[in-house]
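Below is one structure, written out as structure tokens; the observations come after it.
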Amino acid sequence: MAHAYTSGLRVSARTVVARTRRLPLSGKVLVEVGDRVRPDTVVAETFLPGPVHNVNVANALAIAPEEVPGCMLKQRDEPVAKGELIAESKGIFGLFKSSVRCPESGIIEMVSEVTGQVLIREPSTPVRINAYLDGTVTETLPEEGVVVETAGACIQGIFGVGGETHALIRQIVQSPDDEVTGEMIDDRLRGRIVCCGSIITLDALRKLIEVGASGVVVGGMRYHDIGDLLGYQIGVAVTGGEDIGLTMIVTEGFGRLPMAERTFDLLRSMQDREASLSGATQIRAGVIRPEIIIRSDGGEAAADQVSAAGRGLETGSLIRLIREPWFGELATVASLPEEPVRLPTGAFARVLEARRTNGALVTVPRANVEIVET
């Protein structure tokens with residue numbers, strides 16, 4: 001057969017993006033279907049119960065457990081402050097009293113006359129999720145969250161570090177081959193998503209963090225530089241929770257790799273536009289790719305758009321070669337031979353013919369490419 005499926009990578013100037021924003025546990029949805037939201041709009045919230053402190057009042061006052069309720073100065077469901085008296089013994093003729101103070105601020109949750117213990121729960125921690133996208137709420141998930149949709153440009157990367165952010169795009173190089181060094185970084189990049197070329201040095205990354213840049217998008221990155229930045233070597237299977245002061249997306253791979261011209265030109269056309277950026281990466285079942293999303297001016301995309309990844313691999317598909325010696329190059333599928341071919345390793349595999357940007361035809365295993373959604 002001449003039709004096959006392969007992994008996809010989106011680099012699209014006009015597409016529709018929907019993201020589900022879900023709470024970690026049941027809570028309250030704060031928006032409705034049809035509401036226009038900004039990336040920092042809080043769409044749902046919940047409260048994580050605070051930790052519980054167990055105070056053995058009976059032992060502290062040297063009394064029987066059933067006497068504890070009568071010695072309490074604070075009752076169940078009352079708020080208490082750290083260091084505040086919560087119980088006091090009656091003493092002898094009003095003298096020689098013993099007392100118990102609250103170990104942490106919170107609320108008295110239980111007073112037990114069976115065990116003589118008092119449970120104090122610290123205040124709940126609010127958990128809020130924002131919309132992440134500049135778009136519209138298209139669905140609400142009762143007590144869970146919402147689905148936010150927007151239309152515009154979407155660029156997915158190979159690898160990312162850091163969580164979600166949103167800021168204006170600023171491109172600081174003229175060519176996808178350019179290297180970004182520390183001398184190119186200044187305070188004008190504060191609060192910006194900085195778009196680079198083939199690679200960024202560790203010194204430049206540190207200076208971006210120092211000046212307060214929100215994010216960086218670059219073609220390549222030295223793997224060990226990421227470890228030096230974090231203070232430990234990072235795995236590439238699951239990322240997104242790192243706290244390094246900015247969010248980083250690598251679009252091509254590790255090492256010095258020129259950013260694909262299509263990606264570079266798309267980012268350049270979005271100069272000074274606000275974008276949503278996420279470095280979360282998951283390379284296993286349920287693949288998650290780092291991404292940069294920019295809402296279109298009109299907020300609309302072509303109605304007849306069909307996902308290239310959904311169509312599968314076919315003649316004319318735009319692909320990226322992901323093995324040497326053409327790692328990172330974009331190409332077009334010229335043909336899809338039906339029969340497996342013996343590779344130099346001796347193994348048989350299904351292959352495709354790809355036309356590189358210089359016009360040359362090359363034969364590569366289908367497993368060594370990924371489709372680029374346009």
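Data for the structure
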read-out	value
The chain, accessible surface, carbon-and-sulfur percent (1.4 angstrom probe)	51 percent
Proximal aspartates and glutamates relative to K207, as straight alpha-carbon distance under 19 Å, when same-chain residues fewer than 8 apart are discounted	D178, E179, E183, D186, D187, D225, D228, E242, D243
Positive-pole candidate from A81, L133, V37, dipole of the chain, charges at beta carbon	L133
Linear extension gain, V114 paired with F348, 0.36 nm per residue minus alpha-carbon span	76.9 nm
Rg(Cα)/(2.2 N^0.38 Å) for segment 308-371, N = residue count	1.04
Order of exposure, largest accessible area first, which applies to F327, F254 with probe 1.4 Å	F254, F327
Cα-centred dipole magnitude for the chain, charges only on beta-carbon of K, R (+1) and D, E (-1), debye, nearest 20	420 debye
Set of aspartates and glutamates with alpha-carbon distance to K82 below 16 Å, sequence-local pairs under 8 removed	E104, E109, E122
List L313, L168, ordered by accessible area with a 1.4 Å probe, largest first	L168, L313
Heavy-atom accessible area order for Y232, Y223, Y132, largest first, 1.4 Å probe	Y232, Y223, Y132
Per residue solvent-accessible surface (Å²) - the chain, probe of 1.4 Å	49 Å²
Relative intensity, log₁₀ I(q)/I(0), of the chain from a Debye sum that treats every alpha carbon as a point, q = 0.13 Å⁻¹	-1.04
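The values are calculated or read from the model by the stated rules, or taken from the named source; none is laboratory data. Keep in mind that what you see is a predicted model, and the values were worked out from it rather than measured. Please note: Cβ atoms are built from the backbone with ideal geometry, for glycine as well, and neighbour counts cover all protein chains shown. Ligands, DNA and RNA are stripped out before the accessible areas are found, and what is left, the full protein with its side chains, is counted by its heavy atoms. Shrake-Rupley method; radii C 1.70, N 1.55, O 1.52, S 1.80 Å.
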